[in-house]
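Notes to accompany the following structure.
The values are calculated or read from the model by the stated rules, or taken from the named source; none is laboratory data. All values reported here derive from a predicted model rather than from experimental measurement. Cβ atoms come from the backbone with ideal geometry, glycine included; neighbour counts cover every protein chain shown. Heavy atoms of the whole protein, side chains included, go into the accessibility calculation; ligands, DNA and RNA do not. Shrake-Rupley method; radii C 1.70, N 1.55, O 1.52, S 1.80 Å.
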Amino acid sequence: MLRIQASPITDLTGLRAALQQAIQLEHSTIPPYLCALLTLSGNSDAVRYARRLIRDIVLEEMLHMSLACNIVNAIGGTPEINRPGLQPIYPGPLPMGIAGGVEVHLKRYSRALVRDVFMQIEEPELPLDIPVLGALPPDAASGPRTIGEFYAAIRHEIVRQTDAIFTGDPARQVTTGRFDASEEFVVSNVETALRAIETIVEQGEGTPQSPFDLQQDIAHYYRFQELEKGMKLVGNPGSPLKVGFDPAQPLVIDDDADVIKMVDNPQLVAIDISDAQAVQLSNECDRLYSRMLDELQMGFSGEPDKVDTAVETMQDFAGVARDLLAQQLTAGPQSGFFAGPRFRYSAA
């Protein structure tokens, strides 16, 4: 169970600070998820399923980051994305600290990574006990404070402050359909802000009664659970939750044969100059990542069209990262492994 250590939210200043933390939190999940996605190299149906699953989660994390930025703008604040020092640091805890001991690294895909990190990040306060078809359900699980509860505190303060705090310039709102066509809205009042928060929480955790969000898509935690259990989540009319994990629809991914052997934490690896192509591509990934953050900053600071440009830059980044992941290192202690993106930001 992941536990965050957030400050109390008691006024408008604290609300803006909490939402800035939310922006950093959503941002910090994207690089580790992208590393897992980009290192899945097999061509089996299971691998293709996993790639689609993780790609959709990455897009939704970008949606969540955008929604948090929109709320900050709507209440008269200014989102900060590219200020040096705000970018995620790996390995390390997520923003606001982790009381449960979860440290996030940039690593290649593995079942253990999904179980020990990704599911910990997305875990709701009370995970639903979804049965495996033909098996007995697991024991109930419970736990302490989660990301969902952090957002509940933000929700409470928005309601308490009322529509009076929504003084931001509507022109700074960024439409979010570029990440999820079913979530095309801007934030202008308490009602739309609460809808944005509900979207963030339910896409990550589901609801207390169901592993699905309001659009009937499987929430992130349970999508990752499909990969951890190695079987698809399907309809199950005989279960109170109406779903179950189906052993007849296995998701078998070989952590060796289906995964590029990227070095752990590429940002800590000093690539030897003899691997010149890996050095060049690493630097290009850093340049594109930095440019993308700069474009997002402009996009949420009054130039909404720059967000579309940032999405294009992210696609360029992914292409260069794939080329980088094809570079096998030949020198140093990481010889034999493949280079990977470092997600380093450099101010322009």
Would you work out which of V279, T78, P208 lies farthest towards the positive end of the dipole of the chain? Charges go on Cβ: Lys and Arg +1, Asp and Glu -1. V279
Among residues other than V320 whose Cβ falls under 15 Å from its Cβ, what is the net charge (Lys/Arg +1, Asp/Glu -1)? 0
Value of [θ]222 nm, deg cm²/dmol, for the chain, DSSP H segments ≥ 4, -39500 (n - 2.57) each, nearest 500: -14500 deg cm²/dmol
Length gained if L133 through K242 is fully extended, taking 0.36 nm per residue and subtracting the Cα-Cα distance, is 38.1 nm
Euclidean distance of C-alpha centroids, segment 230-259 and segment 45-89, integer Å: 27
Which residues in segment 209-226 place their backbone N less than 13 Å from a point set 7 Å from the Cα of Q249 along the Cα-to-Cβ direction? 218, 223, 226
If each K or R counts +1 and each D or E counts -1, the residues other than T207 whose Cβ falls under 10 Å of its Cβ total -4
Leaving out ligands, DNA and RNA, and with a 1.4 Å probe, what % of the accessible surface on the chain is carbon or sulfur? 51
A chain fully extended from Q277 to N265 at 0.36 nm per residue, minus the present Cα-Cα distance, gains in nm 2.5 nm
Using the Kirkwood radius over Cα pairs, work out the Stokes-Einstein diffusion coefficient for the chain at 25 °C and 0.890 mPa s, in µm²/s as a whole number. 117
Zone of A164 (label point 7 Å along Cα→Cβ, backbone N under 14 Å): which residues in segment 55-78? none
Please express the Cα-Cα pair-distance distribution P(r) of segment 237-348 as a list of whole percents, one per 10 Å bin, running from 0 to the bin with the greatest distance. 13, 31, 22, 18, 13, 2, 0
Sorted from largest to smallest, which semi-axis lengths in Å does the alpha carbon gyration tensor of segment 45-110 give for its equivalent ellipsoid, taking the root of 5 times each eigenvalue? 27, 19, 10
When ligands, DNA and RNA are left out and all protein chains stay put, how many square angstrom of accessible area per residue does the chain have with a 1.4 Å probe? 42
To the nearest 20 debye, what charge dipole does the chain have about its Cα centre, counting +1 at the Cβ of each Lys and Arg and -1 at the Cβ of each Asp and Glu? 380
Inter-probe distance in nm under a simple model that places probes 7 Å from Cα toward Cβ, at D256 and Q209: 4.8
